[in-house]
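The values are calculated or read from the model by the stated rules, or taken from the named source; none is laboratory data. Here the structure is a predicted model, which means the values were calculated and not measured. In this analysis, Cβ positions are derived from the backbone assuming ideal geometry, glycine residues included, and neighbour counts consider all displayed protein chains.
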């Protein structure tokens, strides 16, 4: 089992600086490694996970025992727990990433200039990615594999609760790297539970960390967004809206509302607020709310909603900016598309919003005037997911507008450079 | 004439916070303004610059008089000076930006999913851009117009030397905005020369500034890169390399070397170091260095270069990391492409590098293994420019890997969002 090092703050700072230097040194050979080598490393990782399953389960048993002693909640214990099935899922996830198209070297755009220069914009790795996550040990495998596929070195900082499990998984990743003759420092796991390690990552490890991706609860993301001196790909919350327009099909509206709210209530793409066009309140409101209530959802409405649907509780002002992540929805009547847009632009976290409507002009207005990462027409907000977008895998969803926005998949973990081919051109 | 406000630090902080709020408020109507309206505003700005030429020249005369009193250098005085010709160039520059394709709403990528969802990735404005520049008043027009074209609000912070000139130009930009019924706060000029204004911008104006672009000398860029709490598009320096491979055509090598170094020595794309493959030192080195010397260039070589070309001075270690921005070049013999790549990766600022070679494999190695924003084959490094790339206009060149890299034109000043069209899909 991994022996947790007891580090003073200075020790942790120098340990983290060392991790940064090693990651930067690994990033260059990794950036020019060909697709076959990265594919082989990923397959090797998946095989090692299966082969060393007992080792991983033993390490996980130690974490589970520690978790029990520390009286972790049942929810946390469930996230922490590994089973042969969950290890197989991790291995399958890595195999799926291995089969994705290699993004590095892909020509994103190309054009000719009148002077005969041919210009290509080509994908390159970003460099060194830092991932800070909480109890789920499977993130070790997912994030490590995704960063490698994009040609990036990665420094993984897992939760202290899952440190033994993560270390056992990490050993399998390193085995895959070594077998493919890629630098073992391409994927490093922070080997201490000292919280100062996170602080060092947020400071950027002397310029050796190019981007940080937090995966976890609101308090983690908030700390990273506030303190990081390097770019962050993240979303703080998903206050997602569903707008039912006067032109909506009622059946479709019911189906989408129930799915957007209730399919899984704890994910960032779950709808939190339902806006209904006042024009169809008489016909659409009650059937939609009845379907939601029947599915087990608590309704919190504005005055008009409560009047029309007496089972609803009265919403307060804070309900419009609350991410419930639970079987609760806030409901408001709005005066058509313009009022709906106004409500969304004022209260949204700019993650994902959906409209149910048949009128094309209304849909275009919704699409043009709302500035959220993902907008959907006649589809559930729960499609806000890299896998559902066809990106193969995602490391999270970003609501910032710089570089990555929406699902962060392998392409979003790349940068680009220009290659210009000439035949002796000089600039006049 | 603009009366410079004497602000205490607190006054400046509240002034800048106000500018930030106004910019954010203007950004939303601007983001949804259609292409025709932005085009009309830009044409209106160009016309106002010509119509109000005398006003601009009068304001400039005040700046020139102040500059004389402050004993500015002749170079600074030349940058500051406006003439009818320079005003015409500004107006023509804005007209050229007006005629660029509007990037907002452009579908960058689209695909279908097996469940029938159609996904589009669509360009959106970034939000609010801050531009911090030095003495050239024409940046007011260029940067204001480019940000507007991309649908962004902009806060311009010009040099205090050119504040009167910039204010007169800014008045013309606002006239164009108003005539097209766009919010006048879409382009704001910081009305104080208090240096604390820059500090406020670097702190991000309470989240109301999305990106900062510094345009000016090394010390300005360095300060912005070190202190900014928001993303920065910039390059600190352009230590650009030219490598002459054993497979190079000698005539082409001579032409490109002289152009890359001597066409304009003061721009960031000028070559600073020449690397020559040792295999062709006997045939290529002397003719290339003679051509450079004849063009007025000082040669600083390593021991082998000095031996072969006695007019060369001996380079010291710092020469390999010096951006001369002058008629000086450092020259080194290298052992083929691998050694050339090693030198570049160690010493480059990752801005622009060029190779002269006929061997395709060598070129591919150079293109794949060097991680600079722009790589050129058989062409001069001086093509590192948004205009030469066909981007129409640029606000600068970025060497960071996040979001924008290489020339920063109108497209690089945008973000994107996803539009997903369905027909009632719910997520299983």
(message) Would you confirm, using the coordinates I've provided, whether residue A:360 is farther than 20 Å from residue A:263 by Cα, more than 10 Å from chain B (Cβ to nearest Cβ), modelled with pLDDT of 95 or more and out of contact with any strand residue (DSSP E or B) (no Cβ under 9 Å at 6 or more places or on another chain)?
(response) yes
(message) Which residue is surrounded by the most Cβ atoms within 10 Å (Cβ to Cβ), if the candidates are limited to region A:407-428 and must be more than 21 Å from residue B:420 (Cβ to Cβ) and more than 7 Å from chain B (Cβ to nearest Cβ)?
(response) A:413
(request) Name every residue in region B:226-236 that is surrounded by 16 or more Cβ atoms within 10 Å (Cβ to Cβ) and within 11 Å of chain A (Cβ to nearest Cβ), in order of residue number. (result) B:228, B:230, B:231, B:232, B:233
(request) Restrict the check to region B:272-282 and report whether at least one residue is within 18 Å of residue B:319 (Cα to Cα), within 14 Å of another protein chain (Cβ to nearest Cβ), crowded, with 24+ Cβ neighbours inside 10 Å and modelled with pLDDT of 95 or more. (result) no
(request) May I ask you to verify whether residue B:221 is free of Cβ contacts under 8 Å to residues at least 60 places away in the same chain, surrounded by 18 or more Cβ atoms within 10 Å (Cβ to Cβ) and more than 10 Å from chain A (Cβ to nearest Cβ)? (result) yes
(message) Could you check region B:288-320 and list, in sequence order, the residues that are in a loop (DSSP other than H, G, I, E, B), surrounded by fewer than 17 Cβ atoms within 10 Å (Cβ to Cβ) and modelled with pLDDT of 95 or more?
(response) B:295, B:296, B:316
(message) Can you tell me which condition residue B:239 does not meet? The list is (1) within 14 Å of another protein chain (Cβ to nearest Cβ); (2) under 30 Å from residue B:414 (Cα atoms), and all the others hold.
(response) (1)
(request) Looking for whichever is touching a helix residue (DSSP H, G or I) at 6+ places or on another chain (Cβ under 9 Å) and assigned to a helix (DSSP H, G or I) here; the options are A:213, A:254, A:267. Which one fits? (result) A:254
(message) Which numbered condition in (1) more than 13 Å from every other protein chain (Cβ to nearest Cβ); (2) surrounded by fewer than 22 Cβ atoms within 10 Å (Cβ to Cβ); (3) more than 23 Å from residue B:327 (Cβ to Cβ); (4) under 20 Å from the mean Cα position of the chain (by Cα) is the only one that residue B:214 fails?
(response) (2)
(request) Any chance you could count how many residues in region B:371-393 are free of Cβ contacts under 8 Å to residues at least 24 places away in the same chain and touching a strand residue (DSSP E or B) at 6+ places or on another chain (Cβ under 6 Å)? (result) 5
(request) Need at least 3 residues that are free of Cβ contacts under 8 Å to residues at least 24 places away in the same chain and in contact with a strand residue (DSSP E or B) (Cβ under 6 Å, 6 or more places away or on another chain) per element, so show me which strands (runs of 3 or more DSSP E) inside region A:69-170 make the cut, counting only ones lying wholly within it. (result) A:107-112
(request) Working carefully through the options B:161, B:194, find the one that is crowded, with 21+ Cβ neighbours inside 10 Å, modelled with pLDDT under 95, over 19 Å from residue B:23 (Cα atoms) and more than 23 Å from the chain's Cα centre (by Cα). (result) B:194
(request) Could you check residue A:254 against (1) under 19 Å from residue A:313 (Cβ atoms); (2) more than 10 Å from chain B (Cβ to nearest Cβ) and say which number it fails? (result) (1)
(request) Would you check if there is a residue in region A:408-420 being farther than 30 Å from residue B:377 by Cβ and in contact (Cβ under 8 Å) with a residue 24 or more places away in the chain? (result) yes
(request) Mind counting the residues in region A:242-251 that are at the interface with another protein chain (Cβ under 10 Å from one of its Cβ atoms) and buried (at least 19 other Cβ atoms within 10 Å of the Cβ)? (result) 0
(message) Which condition from (1) over 27 Å from residue A:413 (Cα atoms); (2) in contact with a helix residue (DSSP H, G or I) (Cβ under 8 Å, 6 or more places away or on another chain) is the one that residue A:361 breaks?
(response) (2)
(message) I'd like to verify a number: residues in region A:60-76 that are touching a helix residue (DSSP H, G or I) at 6+ places or on another chain (Cβ under 9 Å) and over 30 Å from residue A:392 (Cβ atoms), how many?
(response) 8
(message) I want to confirm something. Restricting to region A:262-271 and keeping residues that are in contact with a strand residue (DSSP E or B) (Cβ under 8 Å, 6 or more places away or on another chain) and within 11 Å of chain B (Cβ to nearest Cβ), which single residue is farthest from residue A:385 (Cα to Cα)?
(response) A:270
(request) Name the residue, out of A:194, A:161, A:185, A:206, that is closer than 28 Å to residue A:14 by Cβ and within 14 Å of another protein chain (Cβ to nearest Cβ). (result) A:206
(request) Residues being in a loop (DSSP other than H, G, I, E, B) and more than 7 Å from chain A (Cβ to nearest Cβ): count how many of those fall in region B:389-406. (result) 9
(request) Return only the number of the condition from (1) more than 10 Å from every other protein chain (Cβ to nearest Cβ); (2) closer than 30 Å to residue B:112 by Cα that residue B:355 does not satisfy. (result) (2)
(message) Among the listed residues A:323, A:353, identify the single one that is closer than 30 Å to residue A:132 by Cα, under 29 Å from the mean Cα position of the chain (by Cα) and not in a loop (DSSP other than H, G, I, E, B).
(response) A:353
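Condition check ((1) in contact with a helix residue (DSSP H, G or I) (Cβ under 9 Å, 6 or more places away or on another chain); (2) outside the structural domain of residue B:252 (by TED's automatic domain parsing)) across all residues:
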{"position": "B:317", "(1), (2)": "no, no"}
{"position": "B:338", "(1), (2)": "yes, no"}
{"position": "B:343", "(1), (2)": "yes, no"}
{"position": "B:353", "(1), (2)": "yes, no"}
{"position": "B:367", "(1), (2)": "no, no"}
{"position": "B:381", "(1), (2)": "yes, no"}
{"position": "B:399", "(1), (2)": "no, yes"}
{"position": "B:404", "(1), (2)": "yes, yes"}
(request) Could you please give the count of residues in region A:367-387 that are farther than 14 Å from residue A:256 by Cβ and more than 7 Å from chain B (Cβ to nearest Cβ)? (result) 4
(request) Among the candidates B:176, B:199, B:207, single out the residue that is outside any loop (DSSP other than H, G, I, E, B) and more than 23 Å from the chain's Cα centre (by Cα). (result) B:176
